[in-house]
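Down below is the structure, laid out as structure tokens.
Every number here is computed from the coordinates shown, using simple stated rules; none is lab data. Every value quoted in this text rests on a predicted model; they were computed, and no experiment measured them. Using ideal geometry, Cβ is built from the backbone for each residue, glycine included, and neighbour counts are taken over all protein chains shown.
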Amino acid sequence: MTPLAATRSPEILPDGLPIGLIEALADGLVVPYLGPRVLALAPDYAVPATPEALVALLTARSSVPHKIRNRLTQSAQYIENFKHRKTLVGLMNEAFAATPRPSPLHTALASHGFPLIVDAWYDDAMGAALGAALGTGAWGQVQGLAQSEHFGTWTGWYDAAGKATPDPHPEWKTLLYKPIGAHAPAGNYLVSDTDYVEVLTEIDIQTPIPVEVQRMRSGRSFLFLGCRFNDQLPRAFARQIMKRSSARHWAVLPDEPTRMEARFLAEQGIERIAMPLETFVPALTGYMR
């Protein structure tokens, strides 16, 4: 036995993946939860892949005060207040207008048959991968809606062709949940301070989270990919989307977590997998074939 093998935790497989994750995957109990940084795996997809990249793009196209230029929600609010909501939505549409280029991760997730996939960024890559894998009848999506544009309506449902529908279709095998909106098909975005305040006012009682998502998360474990929790907003959304699910979850987080991230992971029962996504994804997809 090598020294490495002798010291390896019995709960970790030789490739570094937790046994519990692979068991949950085999039992159909995993919900992938994607953050913006999964786009690093699709470098030829020319859209912002971090909040920092997005705010830099927005402020390059519309001037905002220097003190908020690096703060996405505040910069978006300034543009909305002084240039109109339509200007903000137009800039967001431009930022994410590139033709989707799904990464191997998107493609693998789309082909595996997950009942629920959460994608907490505005890009269209996951939807494009689902369309390529499942066609136009076997999946659909639900997106968070801004109250400034859809007062009293928290979510919008769309079939695979992008047509609005009042409810999920029973023939859908996979539901894609975009809690902060998306570029396609209708340019729905939660991005400004006001957008988030409206949602966070209600999210503790689960009003903005679709009942179907609440049902599907029950008993399941979340696998966070490309997410950081060093800001209050991603923590708040993840916490509420995970509510009443399994007590065990995982997050691929190669960078050392901040104090608040570490606290969040511990509180939510999220086991950190300290591995780069570039290493983790091939290992994971080996168990998904």
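Just flag the GluC sites (Glu not before Pro) in segment 144-242 sitting in loop per DSSP whose Cβ has no more than 12 other Cβ atoms within 10 Å.
E171
Could you derive backbone 3J(HN,Hα) for segment 36-42 from the dihedral phi with the Karplus parameters 6.51, -1.76 and 1.60 (θ = phi - 60°), listing whole Hz in sequence and x where the residue is Gly or Pro?
Going residue by residue, I get x, 6, 5, 5, 4, 7, 10 Hz, with x marking Gly and Pro.
Specify the angular offset, from 0 to 90 degrees and rounded to the nearest 10, of the alpha carbon long axis of helix 51-61 from the longest principal axis of the alpha carbons in the chain.
Value to nearest ten degrees: 20.
Could you tell me which GluC sites (Glu not before Pro) in segment 11-69 are loop residues by DSSP with no more than 13 other beta carbons within 10 angstrom of their beta carbon?
Of the GluC sites (Glu not before Pro), the ones in loops of segment 11-69 whose Cβ has at most 13 other Cβ atoms within 10 Å are E11.
How do H66, H169 line up, fewest other C-beta atoms within 10 Å first?
So the residues, fewest neighbours to most, are H66, H169.
Going down the list K67/K243; K83/K243; K86/K163, which pairs span over 28 Å between their C-alpha atoms?
K67/K243; K83/K243
When the helix-only estimate is applied to the chain (DSSP H runs of n ≥ 4, each -39,500 (n - 2.57), divided by the residue count), what is the mean residue ellipticity at 222 nm, nearest 500 deg cm²/dmol?
-11500 deg cm²/dmol
With a cap of 11 neighbouring Cβ atoms within 10 Å, and only residues DSSP puts in a loop, list the trypsin sites (Lys or Arg not before Pro) found in segment 183-263.
Listed in order of number, the matching sites are R244.
Starting from a Cα-only point model with no solvent, please compute log10 I(q)/I(0) by Debye for segment 65-115 at q = 0.18, 0.20, 0.25, 0.32 1/Å.
With one equal scatterer per Cα and no solvent, log10 I(q)/I(0) is -0.70, -0.74, -0.90, -1.15.
Just the projected area, averaged over all directions, of the convex hull on the alpha carbon atoms of the chain: how many nm²?
15.6
Averaging sequence separations of C-alpha pairs under 8 Å and six or more residues apart, then dividing by the length of the chain, give the relative contact order as a whole percent.
Relative contact order here is 20 percent.
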